[in-house]
Structure formats: C-alpha cells, structure tokens
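Have a look at the structure below before the remarks.
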Amino acid sequence: MRFDEFAKRAARVESLSGDHEKTEEVAGLLREADATPVVARFVQGRVFPAWDDTKLDVGPSLVYDAVALAGGTDADEVERRVAERGDVGEVAAEVGTGGQQTFGSTEQTVEGVQEALRGIAEGSGEGSEEKKKRELANLFMDASSASAKYLARLVLGEMRLGVGEGTVRDAVAEAFGVDVTLVERGIMVTNDTGEVAEVARDGGDEALADLEMRLGRPVKPMLAQSSTTENLFADLGADEAVVGWKYDGARLQIHVGDETRLFSRSLEDLTDSLPDVVEKVEEDTEEDVILDAEVVAVGDDGPLPFQDVLRRIRRKYRVEEMRDEVGLEVHVFDVLYDDGAVIDEPLSERRDRLSRLVDGIRGRSAVVSDIDGVLEERRAALDAGHEGVMVKNPGSAYTPGSRGGDWLKLKPEPETLDLAVTGGEWGEGRRASFVGSYLLSARTDDGYATVGKVATGITDERLESLTSRFKELIIAEDGKEIEFAPEVVFEVGYEEIQRSPVYSSGYALRFPRFVGVRDDKAPEDSDSVEKIERLYAQDEGDGR
DNA sequence: GTTCCCCGATATC
DNA sequence: ATCTGACACATTCGG
DNA sequence: CCGAATGTGTCAGATGATATCGGGGAAC
C-alpha cells in the first residue's frame, strides 16, 4: 500500500466520530493493506511494537528542523506556525508543498516508510543527528501534502485518529472474521497488534489460540482505578477485600527462568540497571515464575522520595556505585505465571500461591471485610512512610493492561494551595487556541517564586474563559511561553511537595490540578514559599 | 584535542 | 501521574 | 410500555515533575 493511500484513509478515520464507524473504517484498511502488521501499528501512531526496544529518538524539535529543511524555511518559522495551528502535521503539509504543489512524486509505500524510519532509529554516534534530520527531510520531500501530515504525526507518535488498541482489536476481529476475545488475548500476550493482525489474517482463530504467555515475554501490568473511602466497597463489588500497601516506587514485572529479567510498566527491560534486585529475587524465589512487584528506594530511616527511584532505573553507567548510594527494596504482590499462566485464577488463590513462592520480598497485604479494616491498614502504611493502600477484589482474575474496578487505589485527599498565576503556555491540538497550562508562583518577601504549572482539572468551557481573561494580563511572549501580570490566584490540588531543581522556589508540586479561581484573593494573599517549606518539612517528619 | 554543559528525547510516577 | 470529554451500553425515571 | 434521562465503563488526548542518556557545540 502506498503511504499516500494510507494517509487518505487515515484522514477519513480521523473525520469520523463514532467508535463503530472508526472500527469499520480501520477494518477495511487492514483488509486491503498488504502490509497488514505495519498498518495496524501505524494507525495507532506506533512504528515499532511495544516490546521492541528500538527508539526513534525523534521529537518535536528534530521534526521542526526536518520540515524546515524540506520546505526551505527555518525551524523557528515552523515552530511559530505550529504554535499558531496547534498541529505539526498541518504545518508539515503546508510547508512541504509550498501550500500548493506536491513536492516529490516518489511512490513511497507504507513498508518503505517503516524501513526508512528503522534506519533513522538505528543511527547513533557523531553526526547521527544531522543525518537523521536529512533522512527525515528526504521523507517529507518525497511525500504528498496529505502524506506529510501523517508522517509528521507518526514519527511523533500522535496520529490523533481517535484510534487506540481497543479500536484496532475490534477492527482486526471484524476484518478477518475472528473472535474478539482471541484477538484480545493475542494482543495481551504478544504486545504487538501488528503481529496479531497478521496471525489473524493468515491463521484465523486457531492460530490466534496458539499464542500463549511465555517466560521472558512481558505482559502489560494490571492497573487500578482511584476510589474513595465512601465508595470503596460499592466500587469493588465484593464484601471482602485484599488490602495491600501501596509503595511509591516503580512497577516491576519479574521473570525468573534460566535467567532473571526485569520489565517496567511499559515493558522496558530494566534488568541491567538493577543487579541488586536480581540478586534479591534469585535468593528468594523458585524458577519458572512471573511476579508483579514494586521497587522502592530506601535509606536508613525508611522509604526515600520517588526521585531516588528515578536515579536507579534505566541507569547505564555507574550502576555499582549507585547501588550503594540508593538502596532498593522489592515488594512482590502478585504472581502471573507458575510453570504456566495463572492469571485466570482468582486473586485469593494467587495470593496463596505467592506465599508459597516468595517470602522475604513479599509486599504486605491483609484480607479485611469492612472499611475500618481498610483504614487500619492505610494508617499503618502511611505511618511507615508509604503512599496508601491498594484494595482488590479477592475473586478477580489478573487482567493485563486493564483498569477495571477489581483493583482500587486509595490515596489520601489531595492537599490544596492558593497560588498566583504568573505565566502560561499556548496549547496544542484541541487546546491550540487556548492557554494550555499556567505557571504558578508563591509569595516571597519581595515578589514571587515559581512552584510549577497546572494544566489538568480545567473544563473546556473554563479554559476558554480563562484564556480571554488572561489575554488582558500578558506582559511578554516568547514562542509559546507567556508572562502574565500577577493578578489572579488559583486554588491548586496536589499530592505532595517535592524538592525542585527547576523552579525558583526550590520546591514543586507533584500531580498539580486546577481546583478553582480564588476571586476572593489578591495575589498578595496567595500562599508563601515559607508555608511551602513548612509543609515540606512536615511531610518529611511524618515518617518519611 | 578534550572537557563540560545544554537541551531534546524518553522513561518513571 | 492527573483530568475532561466523547461515545456505547445498561439501568432507571417519568409520563 | 416506551422514550428520555442518568449512570458506568472504556478510550483518547492534553498536560504535570523529574532523572538519565546522548549528541552538539562552546569553552578551555
């Protein structure tokens, strides 16, 4: 299939609004394309399957350069236009064709594009960035304007077609007349919609059924939903619950076979950066199992901030030194494979199984039958400096990648601060015509110091009214960045205060969200850096 | 010619 | 991570 | 009893802080 044809079809998918229509359109595309696996990935904005460690290493900046090179402008001009239009794709489409004519006429195929991108991904070493730019620019020059649009989006991983894994799953089933459940299982096990589409096309239901969970091949971890103490048992739909401590670390899927492999939440192989974890696991476990766990950083006085975990995972250099500086603890809380997949067993059985398989590195959990039991565990977890608890349905299976009501997380109510808005940034995509995020500052003795930004928690309607209000307060603009006169105060919710190497106050909010405008407050009445300092110190004292 | 720093990309939450 | 919004589908409400 | 209103689940998209790695280029 020519990439140009793919681009036209993609445009059609994008224009549809109903899920069913989209699914049908994607199904048609999969059926007609000879390069089924490639198309199945491209349609989701993926070039490589999730398990593939190949990275394009191409981001917005490099794309602007390449588009500029192809279109004979400069990167600043491209960036300016992207800020205006809110979409790289559209700018690429315009620039590459001078607004009118198709530049090249090379019949680039979908597979050809994939090959070219693989080539780009593989480049490294001196001069490689320049080479990437040139190769990308060549792709743009060979592309029609429709192609350029989707090519730009593809390399950035944002197709914006409204198509995700669920749509592709249904489309594969429809396109090749196979069972959706088998497709879903296949995707779960392979983590590659491309491969599953091909298997479905060539071998039907039978071939799909042969795909199985295997040691060394990671599976997406099961996810949780947020809940509240009031709704907990109703959300769970059970009268008993398995309550486990929730640790502030990184998710780890541990495969113990001939060798031990560690995978992250997004299926990245983390083994080489965590030799101490491998040792601990091998001391405590038997072979041929897959475990689900969380790693946390620990010091002499209990758990360390999440930032310390980040200093360990994915590290390539000075791994041995760091292992002494930032200690790690593993807390295993589930088992997915024990000489064969056990994900369909109910949690209560897997929990028993787990207690037979591991001992020292098992995370703490208890079975309770009322909210008081849950709160008791949460108190204990918080006192020990951890994040809260996970509450799980004892009868539930392990459903990889899904965020159903079987696992619930219970975090403390978010704290709130009143902060002055001193800046902002123009948005992208559907926020293109709005200020998409706001810079927050806390009071100091002689002015304001920044503590982070907020962007989430704002309704579309509010986004619009805020934008017109803040337009009046613009002092300066630089690219997409805006400076505002400090007049408006936002109430902002957050999870935690952390030390910041970036913001001038020296602190930043973790998971900030917009709660409301404090029209009753002037910026001089906003919260101070001193208060933030105090809150930070207090958190530290609270057993962490 | 080396070393150091900046910044973009990619990952964690 | 967080949040909003769009849609599909199931359940309840109101006449 | 039927159509409208309401609730629930799933998905997509737009955005937060932060750490490391790698390439490029300035400083030495």
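Every number here is computed from the coordinates shown, using simple stated rules; none is lab data. Here the structure is a predicted model, which means the values were calculated and not measured. Positions of Cβ are generated from backbone atoms using ideal geometry, with glycine treated the same way; all protein chains shown enter the neighbour counts.
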Net charge, A:V332 excluded, C-beta distance under 9 Å - Lys, Arg +1, Asp, Glu -1: -3
Cross-link reach list, aspartates and glutamates versus A:K521, counting only Cα pairs under 13 Å and skipping chain neighbours closer than eight places: A:D418, A:E487, A:E491
Protection proxy ranking, peptides A:158-171, A:46-59, average beta carbon neighbours within 10 Å, highest first: A:158-171, A:46-59
Antiparallel bridge percentage (DSSP; both residues within chain A; nearest 5): 95 percent
If the convex hull is drawn through the Cα atoms of chain A, its volume per residue in Å³: 178 Å³
Cross-link table A:K22/A:K55; A:K22/A:K133; A:K22/A:K220, entries beyond 30 Å C-alpha to C-alpha: A:K22/A:K133
At least 30 Å along the helix axis (C-alpha) and Kyte average at least -0.5, DSSP helices within chain A: none
Å³ per residue enclosed by the Cα convex hull of segment A:415-542: 106 Å³
Evaluated at q = 0.16 Å⁻¹: base-10 log I(q)/I(0), Debye formula over Cα of segment A:246-329: -0.57
Descending Cα extents along the principal axes, segment A:116-232, whole Å: 51, 47, 33
Local electrostatic count, A:S144, Cβ distance below 13 Å [Lys/Arg +1, Asp/Glu -1]: -2
Ordering of A:68-74, A:135-141, A:533-539 by packing [mean C-beta count within 10 Å, highest first]: A:135-141, A:68-74, A:533-539
Ordering of A:500-509, A:519-528, A:184-193 by packing [mean C-beta count within 10 Å, highest first]: A:184-193, A:500-509, A:519-528
Reachable aspartates and glutamates, given that their alpha-carbon falls under 13 Å from the alpha-carbon of A:K411 and they are not under 8 places away in the same chain: A:E230, A:D248, A:E377, A:E387, A:E495, A:E496
Chain A - percent relative contact order, Cα under 8 Å, separation 6 or more: 13 percent
Low-density loop cleavage sites - GluC sites (Glu not before Pro) in segment A:458-515, where at most 16 other Cβ are within 10 Å (DSSP): A:E472, A:E487, A:E495
